[in-house]
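Engineer: Take a look at the following structure, please.
Where a number appears in this text, it was derived from the coordinates with a stated rule and is not lab data. Bear in mind the structure is a predicted one, so any value in this text is a computation, not a measurement. Here the Cβ positions follow ideal geometry from the backbone for every residue, glycine too, while neighbour counts run over all protein chains shown.
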Amino acid sequence: MTASCLIPHIVIFIYRFLCERSGVMTIPDIHPDERIDEINEYISLIQKKNGLTFTTDAYLLAAFVSGHNERCADLGSGTGVVSFLCAQKNKAGTVYAVELQEEFARLIERNAALNSLSNRVIPVCADIRNIDRSTTGGALDAVFANPPYMKKGAGLPSASEVMHCARYEENGTFSDFAKCAAGLLKKGGSFYTVHRADRIADVIGGMRSAGIEPKRLVTVYPDRKSPPNLILCEGKYGGGEGLRISPPLIMYTTDRKYTPELDRVYENCSLDFIFEKGGVSD
């Protein structure tokens, strides 16, 4: 093993030793195909080296969740990053992290232990098409979802079944996610989602078909010269008509550095500023 390969193992060893000595948290064993990634100064995640990992989309979704929501669900939770960020930022009291793939449901459980959030982030290994309020012990204040972006049968298949399941609508369309959210939410509860910009019609149509009225929309652009590639949408279950659209969120400058707005998102894990007057620079 080379010196460069030893460095991550040494870092993990020191990290585990210090945390266990301090009694702050118990560090689960790390498998050879895994690594620990720092999401921010408070949250670290065990992730597969060649599998489903944390993305900018997930961070933007967590930032988009607004206010404090006591009881929540995270549909298609993956490694649990949105659940952990929302819990750490006090945007969520308790989160039911729903994940179909058993391997990742177990990973959520381990990540909850890693971040001392086992009492607040509860993994649920289930198909979102088969859960209801009995799964969560009653109605919820908020539901968030980072669903598969690609329609079933579109494009080339992913290299692994795990990645294919995460990227393609093999186990539920966006409408299925919206119906699930509607079945879990109390009246007036919020559904937050992130999706590809070219599927905005599917998002708005799916929400409305489920009785969720779109209320806030953010369009995300890679840079000032490119079309939008993402949207963030919040809907209210049983809400009235009226959609508020923010100024665009541009992620990168011409020299591929973060814009001041994206820096602000990463610093505060919040997008509330973008709806405020003067929240976006020219």
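Engineer: Using amide H atoms built in the peptide plane, which far-off residues or other-chain residues are under 5 Å from Arg71 H to H?
Structural biologist: Gly93, Thr94, Asp141, Ala142
Engineer: Quick query: amide H of Ile250 versus all other amide H atoms, modeled in the peptide plane; which residues come in under 5 Å with a sequence gap of 5 or more or a different chain?
Structural biologist: Correct list: Tyr221.
Engineer: With θ taken as phi - 60° and the coefficients 6.51, -1.76 and 1.60, list the Karplus ³J(HN,Hα) couplings across the range 136-145 in order, rounded to whole Hz; mark glycine and proline as x.
Structural biologist: Along the range 136-145, the couplings run 9, x, x, 6, 10, 7, 8, 10, 10, 8 Hz.
Engineer: Whole-Hz Karplus ³J(HN,Hα) for the range 83-90, in order, using 6.51 cos²θ - 1.76 cosθ + 1.60 and θ = phi - 60°, x for Gly and Pro?
Structural biologist: 4, 5, 5, 5, 5, 5, 8, 6
Engineer: Picking from Phe174, Thr219, Val95, whose Cα lies most toward the positive end of the charge dipole for the range 51-275 (charges on Cβ: Lys, Arg +1; Asp, Glu -1)?
Structural biologist: With unit charges placed on the Cβ atoms, the residue in question is Thr219.
Engineer: At q = 0.11 Å⁻¹, what log₁₀ I(q)/I(0) does a Debye calculation on the Cα points of the range 51-275 give, no solvent, two decimals?
Structural biologist: Computed log10 I(q)/I(0) values: -0.50.
Engineer: How large is ³J(HN,Hα), in whole Hz, for each residue of the range 213-228 in order, when computed from phi with the Karplus curve 6.51 cos²θ - 1.76 cosθ + 1.60 and θ = phi - 60°, using x for Gly and Pro?
Structural biologist: These are the phi-based 3J(HN,Hα) values: 8, x, 10, 9, 9, 10, 9, 10, 10, x, 7, 6, 9, 10, x, x Hz.
Engineer: Pairs Lys151/Lys257; Lys91/Lys186; Lys48/Lys225; Lys236/Lys257; Lys49/Lys179; Lys187/Lys215: which exceed 24 Å Cα-Cα?
Structural biologist: Violating the 24 Å Cα-Cα cut-off are Lys151/Lys257; Lys48/Lys225; Lys236/Lys257; Lys49/Lys179.
Engineer: Might you report the magnitude of the Cβ-based charge dipole of the range 51-275 about its Cα centre, with Lys and Arg at +1 and Asp and Glu at -1, to the nearest 20 debye?
Structural biologist: 420
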